[in-house]
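Report on the structure given below.
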Amino acid sequence: VQLAMAPRLAAHENAIYMNAKLFERIDSLHKKRIALGLPPTYLRLLERIHLDFVRAGARLEGPQRERYGQVMTGLAELCTRFSQNVLAEEAAYTLVLHGEADLEGLPTFVRSAAANAARQRGFAEGQYVITLSPSLAEPFLTFSARRDLRETIWQARVARGAKAGPHDNRPFVAQIMALRQEQAALHGYASYTDYELADRMAGTPAAVSALLQQAWQPAKSFAEQD
């Protein structure tokens, strides 16, 4: 249902943001917003809605407007496929725990969840499995005393959708990146990162990079301690 509806919903949303008469009305209010004497919350709402329309391509015209709609519909479909592939990989994967040695360090609630996951997948009573679902994998990574099993789960989680098979997301990544770059270019930005940060606190890719570099050494130090 999501795969079928995502492109249609994207097209519907795009039709609203690209409605010339609607944007003309919003734009006219935005131009005289100071003179309107609006309360601060109303003024902020008007500015935010106007910006949302602009960032959704309301000022584009002709072929650019039509192409923008195609890009957004394509992104909706691709991103939906991407997320569904990740969920499918999470649901399909199981790590069977054999006996107390494999359960070492796990508190009762994790053991109960692992037993329940085993029952749901048709395993015999008394067996335990770990899936890649965050609600099960993350507690296992936190509490398990088995370094080898933790590594197995970690490797499986970071590889979701990144290997050959029916849920391979790698081709979708390239397509999503290409469409996002085109989206940014239609708005006049050098990259999708510039477009995405235009209304964020950081403002520029350089500011994001500087913040990450500041955090890198302290984060690395704590990781080494762990």
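Would you pick out the residues in region 37-51 that are open to solvent by 70 Å² or more (accessible area, probe 1.4 Å) and either of a type in the set (A, V, I, L, M) or under 21 Å from GLY62 (Cα atoms) (or both)?
Filtering region 37-51 down to residues open to solvent by 70 Å² or more (accessible area, probe 1.4 Å) leaves 40-42, 44-45.
Selection gives LEU45 alone.
Tell me, which residue of region 95-126 that is among the acidic types (Asp, Glu) and surrounded by 13 or more Cβ atoms within 10 Å (Cβ to Cβ) is nearest to GLN155 (Cα to Cα)?
Let us first name the residues in region 95-126 that are among the acidic types (Asp, Glu), namely 100, 102, 104, 125.
Pick out the ones that are also surrounded by 13 or more Cβ atoms within 10 Å (Cβ to Cβ) and you get 102, 104.
Numbers: ASP102: 17, GLU104: 20 Å.
Only one residue fits best here, namely ASP102.
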Restricting attention to region 23-33, report how many residues are open to solvent by less than 70 Å² (accessible area, probe 1.4 Å) and part of a helix (DSSP H, G or I). 6
Taking region 174-217 as the region of interest, how many residues are closer than 19 Å to ARG55 by Cβ, of a type in the set (Ser, Thr, Tyr) and loosely packed, with under 13 Cβ neighbours inside 10 Å? 0
Within region 173-202, the residues that are over 16 Å from the mean Cα position of the chain (by Cα) and aromatic (Phe, Trp, Tyr) are TYR189, TYR195
Helices (runs of 4 or more DSSP H) within region 108-226 that include 1 or more residues touching a strand residue (DSSP E or B) at 6+ places or on another chain (Cβ under 8 Å): 108-120, 134-143, 147-158
Sole exception among (1) farther than 26 Å from ASN169 by Cβ; (2) open to solvent by 50 Å² or more (accessible area, probe 1.4 Å) for GLN84, by number: (1)
Based on what the data block shows, is VAL129 buried (at least 16 other Cβ atoms within 10 Å of the Cβ) and free of Cβ contacts under 8 Å to residues at least 40 places away in the same chain? yes
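Is it true that ALA92 is modelled with pLDDT under 95 and over 25 Å from VAL158 (Cβ atoms)? Write out each step before concluding.
Numbers: modelled with pLDDT under 95: yes; over 25 Å from VAL158 (Cβ atoms): no.
Considered against the rule, which asks whether it is modelled with pLDDT under 95 and over 25 Å from VAL158 (Cβ atoms), ALA92 comes out as no.
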Could you give me the residue pairs with C-beta distances under 8 Å whose first residue belongs to region 74-101 and is in contact (Cβ under 8 Å) with a residue 24 or more places away in the chain, whose second residue is of a type in the set (A, V, I, L, M) and open to solvent by 40 Å² or more (accessible area, probe 1.4 Å) wherever it lies, and which are 6+ apart or on separate chains? ALA76/LEU9; GLU77/LEU3; THR80/LEU3; ARG81/LEU3; PHE82/VAL173; GLN84/LEU3
Among all residue pairs at least 6 apart or on different chains, which show Cβ distances below 8 Å where the first residue, located in region 210-226, is of a type outside the set (Ser, Thr, Tyr) and the second is surrounded by 10 or more Cβ atoms within 10 Å (Cβ to Cβ)? LEU211/ALA202
Reported set for region 49-63 where residues are more than 20 Å from THR193 (Cα to Cα) and part of a helix (DSSP H, G or I) is ILE49, HIS50, GLY62, PRO63
Residue pairs, Cβ under 8 Å, 6 or more apart or interchain, first in region 4-27 and closer than 30 Å to ARG81 by Cα, second surrounded by 14 or more Cβ atoms within 10 Å (Cβ to Cβ) and acidic (Asp, Glu). List them. ALA6/GLU77; PRO7/GLU77; ALA10/GLU77
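Suppose we filter region 132-171 for residues that are buried (at least 17 other Cβ atoms within 10 Å of the Cβ), farther than 22 Å from ALA118 by Cβ and either out of contact with any Asp or Glu (no Cβ under 9 Å at 6 or more places or on another chain) or not small (Gly, Ala, Ser) (or both); how many remain?
Applying the first criterion (buried (at least 17 other Cβ atoms within 10 Å of the Cβ)) to region 132-171 yields 132, 136-137, 139-140, 144, 146, 149-150, 153, 156-157, 160-161, 167, 169.
Next, only the ones that are farther than 22 Å from ALA118 by Cβ stay: 161, 167, 169.
Then keep just the ones that are either out of contact with any Asp or Glu (no Cβ under 9 Å at 6 or more places or on another chain) or not small (Gly, Ala, Ser) (or both); that gives 167, 169.
Residues meeting the conditions: 2.
The values are calculated or read from the model by the stated rules, or taken from the named source; none is laboratory data. Nothing here was measured: the structure is a model prediction, and the numbers come from that model. Heads up, the Cβs are rebuilt from the backbone with ideal geometry, glycines too, and the neighbour counts pull from every protein chain shown. Areas reflect the complete protein model, heavy atoms only, side chains present, ligands, DNA and RNA absent. Shrake-Rupley method; radii C 1.70, N 1.55, O 1.52, S 1.80 Å.
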